[in-house]
Structures are given as structure tokens and as C-alpha cells.
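The values are calculated or read from the model by the stated rules, or taken from the named source; none is laboratory data. Everything quoted here is computed from the prediction, not taken from an experiment. Here Cβ is always computed from backbone atoms with ideal geometry, including for glycine, and neighbour counts include all displayed protein chains. What goes into the accessible areas is simple: the full protein's heavy atoms, side chains included, and nothing from ligands, DNA or RNA. Shrake-Rupley method; radii C 1.70, N 1.55, O 1.52, S 1.80 Å.
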Amino acid sequence: ALPILLEAMLIKSDNAAAETIAADYPGGRTAFIEKMNWYAKEWELPKTKFEDPSGLGKQNLSTARDVANMMHIASGYWLITDISTKKQMALETKYKKKIRTIKLEHTSGNILFTFDNILVSKTGLTSAAKWCVGLVAEQNKQQYVIVVLGSPNKAERLKTVKDIMYNHVLDQNLQHTK
């Protein structure tokens, strides 16, 4: 069940999946959050503090620099890179003696469909932080970390990512030939 929960969490930003993983952690949710904060210190993310596993709590704190470092760290884990760039997932469940398929589309789908060089992708949305995304892209064997925080809406978040990708990441000569 853990791989399915990770997929739901990384593809659909399913907060219940994050809470379920935390609840099943040895020592429960409290120990899980303590471990998250331990990793924040271990990975030298000095401005990051976790209050809950899903990121929805008002006391969760981070900075663009810390999020960028988290994205860079995440890019070193094959499971995260594999899952976080899937455009969708399908779950099969039994419902009244029938198999039902549930499709979950990636919250970064519009970015993943626009750019094929994304290695890691994770979106976020809270009323305080607004529309956010962290990405790791690769171009000409060079990795670039992109963090967009505080976009007023999904369209503006995508517009900002496109601006960064087209003007700072992608080879300009290649861009004009596409």
C-alpha cells in the first residue's frame, strides 16, 4: 500500500495519503513529524519547520532557498523522480462486485505536458502560500531547480514556470527550432 500512497501523495498531492503514511510510521504521526524536522536540520534547511505531514498547517514554514534545497535532495531519490513526474495514475478498486478504475491526474500536469525535461515536480497550495511549485529540470546535462511561491492562481504559476524555463533553462537555439 505504501507505493500507492506515495503515488497519490506525489502525483495528486493527496493530503490524506500523507497523513496515512505518517499514522503508520513507527511511533505514529508525532514521531513522523519529529523525523521530518530532524531531516530539515540534517539537510541544513534552517528556515524549515514542519507542523504536519501534509503541509497544510499554518505553522509549517520554509523559504524558497530551503524548498530549492529540498527539490535538489529529492532529485537524488529514484523513487521520487519516477513517481513525481508521472502525468497520472490509475487505481483499481472493487465496487459492488465490479472493478472500478479511478484516475488521478498530476497537479503539475500542465507543466509536465509542456516540458519533457522535468526530473522532480511537486505543487503546493495553501491560503497563506498561494499556488506554489518546486521543480528540477535537466537541460544539456545540467540540472536547474525552479521554485515558484505565492502565485495568485494556477495559470500565473504556469506562466512563471514557462518564463523561467524558456528564458533561463532551455537552450535558446533549440527553442527557436521547435
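Based on the Stokes-Einstein relation at 20 °C and a viscosity of 1.002 mPa s, and on the Kirkwood radius from alpha carbon pairs, region 1-98 is assigned a translational diffusion coefficient of 145 µm²/s. Principal axis extents of the C-alpha atoms in region 96-178 (largest first, rounded to whole Å): 56, 32, 19. Residue-wise HN-Hα couplings along region 110-122, as the Karplus relation 6.51 cos²θ - 1.76 cosθ + 1.60 with θ = phi - 60° gives them from phi, are 4, 6, 5, 6, 7, 10, 9, 10, 7, 9, 9, 8, 8 Hz; Gly and Pro carry x. The alpha-carbon of LYS49 sits under 17 angstrom from the alpha-carbons of these lysines, leaving out residues fewer than 8 places away in its chain: LYS35, LYS41, LYS58. Annotation: aspartates and glutamates with alpha-carbon distance below 17 angstrom to LYS87 (same-chain offsets under eight excluded): GLU7, ASP14, GLU105, ASP116. Placing +1 on each Lys and Arg Cβ and -1 on each Asp and Glu Cβ, with no other charges, gives region 1-99 a dipole about its Cα centre of roughly 460 debye. Of the residues LYS97, LYS12, LYS154, the one that moves most in a GNM of the chain with alpha-carbon contacts below 10 Å is LYS97. Ligands, DNA and RNA left out, the accessible area of region 1-156 computed with a 1.4 Å probe is 55% carbon and sulfur.
Remark: the chain carries 63 Å² of accessible area per residue (probe radius 1.4 Å; ligands, DNA and RNA excluded). Between GLY27, GLY150, GLY134, where does the largest GNM mean-square fluctuation fall for the chain, given springs only between Cα atoms within less than 10 Å? For the chain, modelled as a Gaussian network with Cα springs under 10 Å, the answer is GLY27. According to the Cα-based calculation, Rg over Rh for the chain is 0.99, with Rh computed by the Kirkwood formula.
Considering only GLY109, GLY76, GLY124, the Gaussian network model of the chain with Cα springs below 10 Å gives its largest mean-square fluctuation to GLY76. Listed values for region 10-19 are Karplus-derived 3J(HN,Hα) couplings in whole Hz (6.51 cos²θ - 1.76 cosθ + 1.60, θ = phi - 60°), namely 7, 8, 9, 6, 6, 5, 5, 5, 4, 5, and x replaces Gly and Pro.
Let me have the relative contact order for region 24-178, percent, based on Cα pairs under 8 Å that are six or more residues apart. Walk me through the numbers on the way to the answer.
Values: 204 pairs, mean separation 21.7, N = 155.
Answer for region 24-178 is 14 percent.
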